[in-house]
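Okay, so here's the structure we're looking at.
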Amino acid sequence: MKIASAYARVSDDRQAEYSPASQIKIIKEYAKKNDYLIPDKFIFCDEGISGKTVSKRTQFQEMIAHAKNKDFDTIFVWKFSRFARNQEESILYKNLLKKYGVNVVSISEPITDEPFGSLIERIIEWMDEFYVIRLAGEVKRGMIEKASRGEPVTVPPFGYSLEDNKYIPNADADAVREVFAAHANGMGLRQIALMLASKGIVTRFGNPPDNRFVEYLLNNHVYIGKIRWSSDGRTVSRRDYNNENILIYDGNHEPLISQELWDTTQEIIKARKLRYGKYQRREQPVKFMLKGLVRCSSCGATLVYISTKSPALQCHNYARGACKVSHCVVLHKITKAVVEALKASVEGVSFIIERKEVNIEIDYSKLIEAEQRKLDRIKSAYVNGIDTIEEYTAYKESIMKTIEGYKTKTEVKDTPADFGAKVREIVEFIQSDASEEDKNEALRTIISKIVYDKASDNIDIHYYI
């Protein structure tokens, strides 16, 4: 009795009639009638995964690995579409399997050995791929049609729940009304975000509201009883609220605010854009020595440059309303403090040392041994004719590269005294006439982060070797 494998796949729960269990049952019955044995260890199933590509199908990849070891000579599928819906990948993997003497057999689409058999198989594969392409188009058309009828096409926005295919105002509806009223009365995005956070309101991901959350609310037509979608099905999710691809339809749900309040809010937003410009930035990004290194002691976010009378740094999360503690500090003041702290650290030869890698003990010698065993296995596979010389060479190069990386990590690190000399060189360099970018790069070779505490007006420099 010949040994075979069975592969089943289903894209989602709606394909109940094609469930993996049903597919496997039919495959086993067919295999038994044709004198094949399918051991349980050679039954592979991918559930809830599209057949458009094999990259996310772990069971499929495991099956291919067994096939390369010649553990079986046939793979049974219910239909060729279960194997792949991408003709290019289907042909690639079938040719690979044939190289190892493994055939792919569809029990519901028998292919003869006659001259036209392979042609029929290619036609079936082409039809499977065409089905995916056509389905994508049908889904887009269906979503646009649904939106045009005023029906929901996305998860319910903040302030609504979804019941009986309709948006229904929920307990957060009053918060939405308060947001629009506050903005119409002159309150800024950050102040509104902090107001919502003080009420214990969070986003659907469990995060405190920030500027972007408030901005999204203020630009969402759903709150005046509209349904917003886009001709390509993607643009609507981006924060380009005036894109020509966005379609607005009358919804079948209750609006939370009046058209008058909406119009007032939009005029304020329009005026702000004219005053500041969209995504306004300097022509050249601001460069300063401490860029990306200073962190907020309250939330851990990076302190970013703010253009004031005296250039300063401020917590990124505070600027967008997600942190309640201001960490504003004049740039030249903290820069001077960092230089002085570095000098003091060198004189005392005392540092808070951190590893640049994840702070856990790793036995790289064992990892190197594991890679060496891989080398032995791929050599054996080449000697036994399983892999070609090209495959063997590629595998070997990859493994040797990994081993060299591990060996580098096992090298002896600098002692504190050696590190002190390195810091002394960096201090001399950042006091020179070098560019701010070069100084920043130099600091990054020894500093992981600089934590600034506004309350105590203190900085803690964290080093790594």
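The values are calculated or read from the model by the stated rules, or taken from the named source; none is laboratory data. Everything numeric in this text was worked out from a predicted model, so none of it was measured. Glycine also receives a Cβ, built like all others from the backbone with ideal geometry; neighbour counts cover every protein chain displayed. The accessibility values were calculated without ligands, DNA or RNA, using every heavy atom of the protein model including side chains. Shrake-Rupley method; radii C 1.70, N 1.55, O 1.52, S 1.80 Å.
Assessment of the range 231-244 against the conditions (open to solvent by 60 Å² or more (accessible area, probe 1.4 Å), modelled with pLDDT of 85 or more and of a type in the set (S, T, Y)) yields no matching residue. A search for C-beta distances below 6 Å between a residue of the range 296-325 that is within 19 Å of L196 (Cβ to Cβ) and any residue that is charged (D, E, K, R) and open to solvent by less than 60 Å² (accessible area, probe 1.4 Å), counting only pairs 6+ apart in sequence or on different chains, returns R320/D210; G321/R190; G321/D210; A322/D210. Just name the residue that is least open to solvent (accessible area, probe 1.4 Å) out of those in the range 1-38 that are over 39 Å from the mean Cα position of the chain (by Cα), hydrophobic (A, V, I, L, M, F, W, C) and at pLDDT 80 or above. If we take residues in the range 1-38 being over 39 Å from the mean Cα position of the chain (by Cα), hydrophobic (A, V, I, L, M, F, W, C) and at pLDDT 80 or above, then A31 is least open to solvent (accessible area, probe 1.4 Å).
The single residue among V339, V304 that is modelled with pLDDT of 90 or more, part of a strand (DSSP E or B) and in contact with a helix residue (DSSP H, G or I) (Cβ under 9 Å, 6 or more places away or on another chain) turns out to be V304. Of all residues in the range 367-424, exactly one satisfies the criterion of being under 29 Å from the mean Cα position of the chain (by Cα), modelled with pLDDT under 80 and hydroxyl-bearing (S, T, Y), namely Y406.
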